[in-house]
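Just below is one structure, and these are the notes that go with it.
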Amino acid sequence: MKKWKKDIIINVPIEFAWPYFYGDLEKKKAIFPKIIDEEVLKETHEVEGTIIRQAYKNGSIDESYDLTIKKFINEPNHKLVQEAFILNNMFRMKVDYELNSVDENQTRFTYRSVNRPRNPLLSLFQLFGKDDVIIRFMNRTKTNIEEAYNSNGVEQDVIVTSGENEVAQEK
């Protein structure tokens, strides 16, 4: 099992950032470029328990998986969607996309995931897993959401934090 947790400040209001994680497929594609389509298979009134078939492009192959929304919070200053799915028929994934309002123009985005291999041998390979893919995702998310929000196109520094460690990357 591998766990990840990363935080980043996005310089937009929380309500602007939220549709990129839940509810607007076109905005979601801006931060998840491999997603092709989503189809709701089962919808619940509480959102938790909703099942969505998500189609994505993996190289030249179109694939899909069913994700279940396990947790859902949509409050003015705190938003969270937790998705569970099986990736490539090899990994049980649980992913949290959490947004907390820092102030009226800044949102803290926290990414958490737990990756459980379905085959015990895959656990050995996870020991060597690095967080490069997650850092690229966090930076792409920050950049794409801020660019959509800022019409003046001013670039800003990107800082990804993990606990007490900080990794600053310049554009």
The residues Tyr111, Tyr20, sorted from fewest to most surrounding Cβ atoms within 10 Å, come out as Tyr111, Tyr20
In nm, the gap between the two label points placed 7 Å beyond Cα toward Cβ at Val133 and Met1 is 1.9
So for segment 1-147, using the alpha carbon gyration tensor with a ≥ b ≥ c as root eigenvalues (a/c under 1.5 gives rounded; past that, a/b versus b/c decides prolate or oblate), I'd call it prolate
Listed with the fewest Cβ neighbours within 10 Å leading, Ile52, Ile8 appear as Ile52, Ile8
Against the 2.2 N^0.38 Å rule of thumb, the C-alpha Rg of segment 52-91 sits at a ratio of 1.49
Placing each pseudo-label 7 Å from Cα in the direction of the beta carbon, Ile73 and Asn89 end up separated by a distance in nanometres of 3.7
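Computed from the coordinates by the stated procedures, all read-outs in this text should not be read as laboratory data. Predicted model only: the values in this text are computed from it and were never measured. So basically every Cβ, Gly included, is an ideal-geometry build from the backbone, and we count neighbours across all protein chains shown.
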